[in-house]
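No value in this document is a laboratory result; all are computed from the given coordinates. Given the structure is predicted, the values throughout are model-derived calculations rather than measurements. In this analysis, Cβ positions are derived from the backbone assuming ideal geometry, glycine residues included, and neighbour counts consider all displayed protein chains.
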Amino acid sequence: MPLAPDNIKEQLSKILLGKVLIVGIGNSLRGDDGFGPALIERINSRVKANCLDAGSSPENYIGKIIKLEPQVILLVDAVSMDKEAGSVKLIKADEIPQYGFSTHNVSPRLMIENIKEHIKAEIFMLGIQPKNLEFGSPLSEELRRKLLLLENIIMEVLGGGENKK
């Protein structure tokens, strides 16, 4: 069952504490796969957190993530969960499977393990079930609605403010 808006806000309020980094993962040219980068674009410089669009090669940003020394990392990505399009799930780092979960070639789990070798950070993934991953497609209506909802929730939880780069 998808998280209700109040539940998402409650869960994010409990984890987005201290020095926070939000990382959007995905390919904006592949429909709903661009959800993570789209969210980063909407909240960047508007929340009390560092925001990073890691695109479709998040492993290339590991050095930058480590250098920022966040206490909490929230990865935002389209995730195949066999649920209704737009369903959102907050996943702890140790619950992210090794393969077959993200829509990308490199497992987020491998990236997380690499980061954890260098810094002590709580790492979570906010996964959203995509509807359409076709090249050249825009975000589906379901994900566009969820994008606005999550933007508002993150703005409420992290408040306004300058990006802490």
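Multiplying the residue separation of Leu149 and Lys116 by 0.36 nm and removing their Cα-Cα distance gives an extension gain of 8.9 nm. Measuring against 23 Å, Cα to Cα, the residue pairs Lys64/Lys89; Lys120/Lys146; Lys19/Lys64 contain Lys64/Lys89; Lys120/Lys146 as the ones spanning a longer distance.
Each Lys and Arg contributes +1 and each Asp and Glu -1, all at the Cβ; summed about the Cα centre of the chain, the dipole is approximately 460 debye.
Computed from label points 7 Å out along Cα-Cβ, the spacing between Asn44 and Glu95 is 2.9 nm.
Among beta bridges identified by DSSP and lying wholly in the chain, the antiparallel ones come to about 25 percent.
Distance between the 7 Å Cα→Cβ label points at Gln71 and Glu156: 2.3 nm. Given R0 = 35 Å, the distance between the Cβ atoms of Ser57 and Glu84 translates into a calculated FRET efficiency of 0.75.
Cβ crowding within 10 Å ranks Asp82, Asp53, Asp32 as Asp82, Asp53, Asp32, fewest other Cβ atoms first. Look at Ile123, Ile66 and count the other Cβ atoms within 10 Å of each Cβ; fewest to most, that gives Ile66, Ile123.
Which label marks the calculated value of Kirkwood radius over Cα pairs in Å, given the options (i) 15.5; (ii) 19.9; (iii) 17.0? Derived directly from the coordinates: (i).
Stretching Glu10 away from Leu29 to a fully extended chain increases their span by 3.7 nm, per 0.36 nm per residue minus the current alpha-carbon distance. In the chain, which helices (entire DSSP H runs) extend 18 Å or more along their own long axis, judged by Cα positions, while averaging at least 0.0 on the Kyte-Doolittle scale? Membrane-span-like by this rule: 141-158. Among rounded, prolate and oblate, which fits region 1-88 when a ≥ b ≥ c are the square roots of the eigenvalues of its C-alpha gyration tensor, a/c under 1.5 means rounded, and a/b larger than b/c means prolate? It comes out oblate by the Cα gyration axes.
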